[in-house]
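To keep things clear, I will list the structure first and then write my remarks on it.
The values are calculated or read from the model by the stated rules, or taken from the named source; none is laboratory data. Because the structure is predicted, anything quoted here is derived from the model rather than measured. Note that we place each Cβ from the backbone using ideal geometry, even for glycine, and neighbour counts take in every protein chain shown. Heads up: the accessible areas ignore ligands, DNA and RNA and are worked out on the full protein's heavy atoms, side chains in. Shrake-Rupley method; radii C 1.70, N 1.55, O 1.52, S 1.80 Å.
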Amino acid sequence: TKSIKFYVGLERDMSKEKKLMDELMAEKEGVEKKVEERTKELIEEKIKLSASISSLTLGFIMTDGKNNVVTINQAARNMLCKSSKSPLATVEKCDLVHIEDELKGVVDLRALINRSITEKKVLLVKELEFEGRFLKIFITPILEKSQAIGAVVLVDDITEAKILDRSKDEFFSIASHELRTPLTAIRGNTSMIMQFYGEKIKKEPELAEMMEDINESSERLIGIVNDFLDISRLEQGKMVFKAKSF
């Protein structure tokens, strides 16, 4: 009887152990499935992110806290990683050392990145000229739990916008000069008419009023044209201010 009870108890224990093992295996399979699904999601997200960065027209560079380039897209390679063998090709390994050599004498990119990371603030280089093109550089630190672990550098080619601005300035300058010449003639002639034929004109009040209106309008237009020319000179750096106490 004791032996029968022992075997029955042992069978029950083994049954419980088997059931527990089955539950553990099922739970393990569930965890592995979730890990596999999450890993797949992360890979897909990484592919999407990489594709998005690669398709940017802006140059994109991501560095870690030690100034190692973690990610760089093709646009940045085309701007900053030209090959010495061919101007149309880019170097295979585009690191910060190569970029510094390219930008030597133009801007100290490493110093700007380190400053952005140290001070934890965004930096902007509004305009710099590089190999006949104009670039704008935007640097922002990557923060994790209030700690800067790297930086992102965005490089924008603003050459076309700069050319448009110059064309606009040239247009305003030329148009203003062309307008001032006939306006000056109108003002001069009306002044002479009023000076030499003033007595005769006074006999015709309506004519006198029209002449005064023409003269005042020409002076006002010449003032507006001069303002345009001053703005053009300011934008081109041709006008210098002399600060004095008063």
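Descriptive notes on the structure:
- Any hit, region 51-65, residues being among the charged types (D, E, K, R), out of contact with any helix residue (DSSP H, G or I) (no Cβ under 9 Å at 6 or more places or on another chain) and at pLDDT 80 or above: yes
- Residue check, Ser191 in contact (Cβ under 8 Å) with a residue 40 or more places away in the chain and more than 30 Å from Leu109 (Cβ to Cβ): no
- Top-ranked residue in region 129-173 [being modelled with pLDDT of 85 or more and outside any strand (DSSP E or B); ranked as nearest to Thr57 (Cα to Cα)]: Ile158
- Among the residues of region 202-246, the one identified as among the hydroxyl-bearing types (Ser, Thr, Tyr) and open to solvent by 100 Å² or more (accessible area, probe 1.4 Å) is Ser245.
- Selection within region 213-246 - free of Cβ contacts under 8 Å to residues at least 60 places away in the same chain and of a type in the set (S, T, N, Q): Asn215, Ser217, Ser218, Asn226, Ser245
- Tally, over region 68-78, of residues that are assigned to a helix (DSSP H, G or I) and open to solvent by 30 Å² or more (accessible area, probe 1.4 Å): 3
- Filter result for Lys126 (within 19 Å of Gly105 (Cα to Cα) and open to solvent by 80 Å² or more (accessible area, probe 1.4 Å)): yes
- Residue within region 170-187 that is open to solvent by 80 Å² or more (accessible area, probe 1.4 Å), farther than 30 Å from Leu234 by Cβ and not β-branched (Val, Ile, Thr) present: no
- Among the residues listed as Ser167, Ser116, the single one being surrounded by 12 or more Cβ atoms within 10 Å (Cβ to Cβ) and within 30 Å of Glu235 (Cα to Cα): Ser116
- Scan region 87-124 for residues that are over 17 Å from Ala75 (Cβ atoms), at pLDDT 85 or above and not in a loop (DSSP other than H, G, I, E, B) and the total you get is 12.
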